[in-house]
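In what follows, a structure is listed as structure tokens, so that the remarks can point back to it.
The values are calculated or read from the model by the stated rules, or taken from the named source; none is laboratory data. As the structure is a computational prediction, the values presented were derived from the model and not from experiment. All Cβ positions, even for glycine, are placed from backbone atoms using ideal geometry, and neighbour counts span all protein chains on display.
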Amino acid sequence: MSKLSEKTAALLSEGTVKLIIGYEQGTEHPRPAFCHTPEDCERLIFNDECKNNLGVYLTKKEIIGEDKIAVVGNYFVIKTVIQLNRENQINLDNLVLMTVDGDEVVTFSSIDEMQQYVDTHEPAPNEKVLAAIEKIDKMSREERWAYWKNALSTCVRCYACRAACPLCYCNRCIVEDNCPQWIEPWSAPLSNMEWQINRIMHMSGRCVGCGECAAACPLDLPIGILTKKMGIDIKQTFGGWKDGSVLSTYSIDDKENFIK
Amino acid sequence: MERLIIKSDNIGTWLAKIIDSVPRVLAPVKDGDKAEFKSIKSADGVDYDSQTTISSVKAAAFPRTETLFAYEKEGMETKLYNVAEDNFVETVIWRARPCDAVGFKPLTSIFNWDYKDELYNQRYDKIAIVTFACTSADKCCFCTSVGGGPGNTEGSDIQVTMIDKEKTLVEVLTDKGEKLVALAKDLFTAAEDSIDKEKALADIPAKFTKEQIHENLAKAFDSPVWKAQSERCLGCGACAFVCPTCACFDIQEDAHGNHGRRVRCWDSCGFSLFTQHTSGHNPRPTQATRWRQRIMHKFSYMPDRLNVYGCTGCGRCSRACPVDMNIAEHLTSIANSSHE
Amino acid sequence: MSRNIYMPYIMVVDKVIDEAPGVKTLRLRFENEEEGNAFEFKAGNFAEYSAFGEGECTFCIASAPTRKGYVECTFRKAGRVTSGLDRLEEGMTMGFRAPLGNAFPIEEWKGKNLVFVAGGIALPPMRAVIDNVLDRRDEFGDVTIVYGAKTVNDLVYKDELKEWDERPDVTLVQTVDPGGETPDWKGEVGFVPSVLEKADPKSDNTVAIVCGPPIMIKFTFPVLEKLGFKDENTFTTLENRMKCGIGKCGRCNVGPMFVCKDGPVFSKVQLNALPPEF
């Protein structure tokens with residue numbers, strides 16, 4: 001049994017936690033795993049292919065209830081925990097956060113430790129996404145509008161992007177409001193754009209950059225470009241991700257040069 | 001049923017004739033490393049390599065968004081307008097898979113169950129389907145476990161099987177198929193009896209039987225298997241929307257002041273608010289209950305009520321799922337255990 | 001194209017009646033007289049009512065099929081579409097897709113006694129079958145109606161209740177929840193299940209028809225059982241989230257049944273066989 005399986009199995013058999021969420025081998029790629037017994041932990045794996053953002057389960061009451069659980073997550077899961085904690089969506093007392101760093105099974109004992117890890121282990125950016133941003137940046141406004149209208153025209157509004165994102169935890173999403181109906185819920189070029197624009201706006205300054213929205217999209221729509229670009233813009237205009245919640249703080253020094 | 005041979009090299013020529021003869025031909029086109037059905041204007045650019053497309057081709061008869069009727073309010077009066085006939089376009093679906101053709105069967109059943117949905121019928125009646133039998137399969141395919149197969153001709157107007165680099169078998173199954181062959185009849189010769197279709201087909205061992213599933217599902221309503229299988233499910237609609245047989249839809253109002261249209265659009269029983277009442281009461285409040293509904297509806301309720309199966313084993317749901325809810329894996333587990 | 005099943009009939013609002021706080025009745029007639037004359041329905045059927053520009057919502061047809069020339073719908077203003085219906089005035093037009101669903105099997109009830117039990121806004125679905133029965137009064141035995149609401153003001157069809165009360169061939173028991181009575185209230189005070197038990201209708205050769213919020217139904221069924229009512233003689237009409245109303249959109253699917261097609265009227269025997277997903 002691997003070190004990871006051993007350590008996690010011990011957490012369960014000692015009764016420290018009721019559930020371990022990690023990764024296991026799936027049909028082609030790793031997928032989220034839920035371990036309720038020490039034997040279940042034998043399935044746990046950890047490698048560069050483990051991409052799902054397990055943070056998405058931390059706000060699902062029907063999965064975690066009021067129990068103490070452990071999560072063996074990747075870099076982005078750790079970043080997600082920090083953000084969810086900032087937004088008062090999780091109880092850190094009920095969470096044992098772990099990761100695997102090289103050969104080591106790491107258990108974080110504080111938010112500071114998590115922050116330190118995040119600061120020192122940032123993965124390389126996705127070159128394809130950066131290249132796409134560069135290309136679109138060079139377009140005129142009309143070209144950009146046409147690009148996105150076309151790129152999003154085949155969207156079926158399955159909301160896999162929303163479902164895979166750990167920070168999309170609203171019980172009633174804006175697109176599910178019908179009184180008033182802010183965004184038309186049926187697939188059409190304009191309303192598909194409205195949906196993505198809105199999703200990105202609501203992610204402002206909160207997105208941890210895991211790219212799972214784009215990975216989840218069954219049609220491979222280029223929506224990872226939007227979250228990345230938003231992150232870049234937010235950093236330039238309001239400071240880095242650590243400097244406070246963009247959506248809920250206001251400073252008199254905030255630049256407003258985007259209002260033309 | 002007529003068995004013909006066409007030179008494998010001539011398939012493109014035949015397709016070009018088909019493209020000239022109908023307003024719309026849908027065929028798999030590659031975009032990056034994924035293929036999707038697109039409207040084609042030339043025989044070049046059709047993808048013959050990918051196992052199958054990401055989305056099914058059900059949109060040809062059951063569009064993502066569809067006008068049900070238009071309305072106009074003038075003072076106290078309201079006028080309603082039916083959908084214009086030119087919305088229903090003659091279509092050939094090219095290089096679909098057997099699991100696509102058979103997927104229209106449950107759709108046709110639902111849309112004609114007592115009340116005839118003429119919007120669906122008019123579209124479906126104008127479709128001719130040319131399927132290409134599967135000479136390979138991937139890890140998510142399981143058509144043989146649900147009464148289908150790589151060479152299943154049910155629902156096809158023509159089935160094309162590549163026998164080898166030179167010869168391709170063309171099985172003409174319906175009048176619609178005959179018309180398509182007649183467009184290029186010089187390209188076809190009769191197939192000898194010795195042409196063996198079965199040998200060319202992919203070998204897809206069945207993982208379970210429909211009977212096993214039906215029997216075990218009948219006693220599985222309160223089983224803990226639903227929670228266990230659905231724990232990682234994110235509740236998105238990807239599986240329902242790529243599925244060739246999922247037909248659940250929403251009805252919405254596209255209102256613009258005094259006029260507008262009533263539309264229907266795809267919906268998914270996996271969404272948390274699918275069954276929620278205005279009062280806030282939700283009969284299926286957990287992902288486990290919704291996962292159970294998906295499986296029961298496809299493999300138990302539909303066979304019992306409509307005598308038709310709600311799954312073709314195409315595996316699209318499993319490929320599209322962000323968390324690998326491999327339906328064949330889940331069904332095999334249900335088939336092999338007794339869930340009391 | 002032959003008839004588009006999603007296209008509603010156009011109806012003219014003949015009358016708007018305020019029933020209770022937030023609850024209205026719309027009396028509708030067919031704009032197209034021919035369509036109106038050809039239209040038939042049975043008590044228990046429901047309809048999809050359109051407020052064009054807002055959408056459709058599902059309510060029973062609240063008037064009896066024996067009353068010709070109009071149909072009625074009673075609703076509580078609760079969301080987008082009901083707010084749209086709430087804004088309708090006399091003379092305005094709206095949509096009506098009907099008849100949908102199954103019906104109360106009143107032909108099988110001939111010669112039997114009938115006990116109707118309803119709570120709050122659930123009287124509308126019952127009123128269609130009650131009036132239907134009363135219009136054919138001598139085909140049935142004793143008729144007892146037990147109806148309750150939260151407060152006196154919340155009782156719907158106040159005029160009709162008076163009519164039923166004054167009929168010698170109908171036993172009407174009205175009740176309001178404790179605290180809902182007014183100083184001059186002459187009816188019972190108590191929840192519907194306990195008032196039903198007190199009324200103690202005989203179960204021999206009697207059919208019980210129940211409609212109300214889930215909590216009322218939950219406590220009424222055991223009372224009926226106690227009084228000796230058999231499951232095959234107990235009926236209810238279910239509510240569920242619906243959109244198409246014709247068994248296609250999948251929303252109201254409960255087990256192998258569709259509330260819009262196999263229901264909304266179910267006998268308790270059928271209800272017992274349904275999984276608890278409604």
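If you go through the range B:205-225 and pick out every residue that is surrounded by 21 or more Cβ atoms within 10 Å (Cβ to Cβ) and away from chain C (no Cβ under 12 Å), you end up with 2. Only one of the numbered conditions (1) in contact with an Asp or Glu (Cβ under 9 Å, 6 or more places away or on another chain); (2) in contact (Cβ under 8 Å) with a residue 24 or more places away in the chain; (3) of a type in the set (Val, Ile, Thr) is not met by C:Ile17, and that is (2). Among the residues of the range A:34-41, are any β-branched (Val, Ile, Thr), within 14 Å of chain B (Cβ to nearest Cβ) and in contact with a Leu (Cβ under 6 Å, 6 or more places away or on another chain)? The answer is no; no qualifying residue exists.
Residues are listed down the side, and each one gets a yes or a no for (1) without any contact (Cβ under 8 Å) to a residue 24 or more places away in the chain; (2) more than 9 Å from chain B (Cβ to nearest Cβ); (3) surrounded by 14 or more Cβ atoms within 10 Å (Cβ to Cβ):
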| site | (1), (2), (3) |
| --- | --- |
| A:Met139 | yes, yes, no |
| A:Trp145 | yes, yes, no |
| A:Thr154 | no, no, yes |
| A:Ala160 | no, no, yes |
| A:Cys168 | no, yes, yes |
| A:Asn178 | yes, no, yes |
| A:Gln181 | yes, no, yes |
| A:Glu184 | yes, no, yes |
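Taking the criterion of being more than 8 Å from chain A (Cβ to nearest Cβ) and more than 21 Å from B:Gly310 (Cβ to Cβ), the residues of the range B:234-266 that qualify are B:Ile251, B:Glu253, B:Ala255, B:His256, B:Gly257, B:Asn258, B:His259, B:Gly260, B:Arg261, B:Arg262. Residues in the range A:88-116 that are more than 20 Å from A:Val17 (Cβ to Cβ) and either surrounded by 15 or more Cβ atoms within 10 Å (Cβ to Cβ) or among the aliphatic types (A, V, I, L, M) (or both): A:Gln115 alone.
Restricted to the range B:303-316, and to residues there that are within 19 Å of B:Thr209 (Cα to Cα) and in contact with a Cys (Cβ under 9 Å, 6 or more places away or on another chain), the residue that is surrounded by the fewest Cβ atoms within 10 Å (Cβ to Cβ) is B:Gly315. Kindly indicate whether any position in the range B:282-290 is more than 15 Å from B:Cys239 (Cβ to Cβ), of a type in the set (Gly, Ala, Ser) and in a loop (DSSP other than H, G, I, E, B). Scanning the range B:282-290, I find no residue that is more than 15 Å from B:Cys239 (Cβ to Cβ), of a type in the set (Gly, Ala, Ser) and in a loop (DSSP other than H, G, I, E, B), so the answer is no. Taking the criterion of being without any contact (Cβ under 8 Å) to a residue 40 or more places away in the chain and either on the phi > 0 side of the Ramachandran plot or among the polar types (S, T, N, Q) (or both), the residues of the range B:26-52 that qualify are B:Gly32, B:Ser39, B:Ser42, B:Gly45, B:Ser50. Of the residues screened, C:Cys260 is not one that is surrounded by 21 or more Cβ atoms within 10 Å (Cβ to Cβ), within 8 Å of chain B (Cβ to nearest Cβ) and either within 18 Å of the chain's Cα centre (by Cα) or not acidic (Asp, Glu) (or both).
Restricted to the range A:139-224, the set of helices (runs of 4 or more DSSP H) holding at least 1 residues that are within 13 Å of the chain's Cα centre (by Cα) comprises A:160-164, A:189-203, A:212-216. The listed residues are B:Glu171, B:Glu178, B:Glu154, and the only one of them that is more than 30 Å from B:Cys239 (Cβ to Cβ) and in contact with a Lys or Arg (Cβ under 8 Å, 6 or more places away or on another chain) turns out to be B:Glu171. Return a yes/no flag: does the range B:267-275 have any residue that is more than 7 Å from every other protein chain (Cβ to nearest Cβ) and not in a loop (DSSP other than H, G, I, E, B). No, that holds for no residue. For C:Phe140, indicate whether it is within 11 Å of the chain's Cα centre (by Cα), at pLDDT 95 or above and either assigned by TED's automatic domain parsing to the domain that holds C:Pro193 or under 25 Å from C:Cys57 (Cβ atoms) (or both). Considered against the rule, which asks whether it is within 11 Å of the chain's Cα centre (by Cα), at pLDDT 95 or above and either assigned by TED's automatic domain parsing to the domain that holds C:Pro193 or under 25 Å from C:Cys57 (Cβ atoms) (or both), C:Phe140 comes out as no. A count restricted to the range C:190-207 and to residues that are of a type outside the set (A, V, I, L, M, F, W, C) and not in a loop (DSSP other than H, G, I, E, B) stands at 5. Of the strands (runs of 3 or more DSSP E) contained entirely in the range C:1-110, those carrying at least 2 residues that are more than 9 Å from chain B (Cβ to nearest Cβ) and in contact with a helix residue (DSSP H, G or I) (Cβ under 6 Å, 6 or more places away or on another chain) fall at C:9-20, C:71-76.
Candidates in the range A:188-230 are the residues that are among the aliphatic types (A, V, I, L, M) and within 10 Å of chain B (Cβ to nearest Cβ); of these, the one that is surrounded by the most Cβ atoms within 10 Å (Cβ to Cβ) is A:Ala216. When the range C:216-254 is limited to residues that are within 20 Å of C:Asn113 (Cα to Cα) and aromatic (Phe, Trp, Tyr), the one that is nearest to the other protein chains (Cβ to nearest Cβ) turns out to be C:Phe221.
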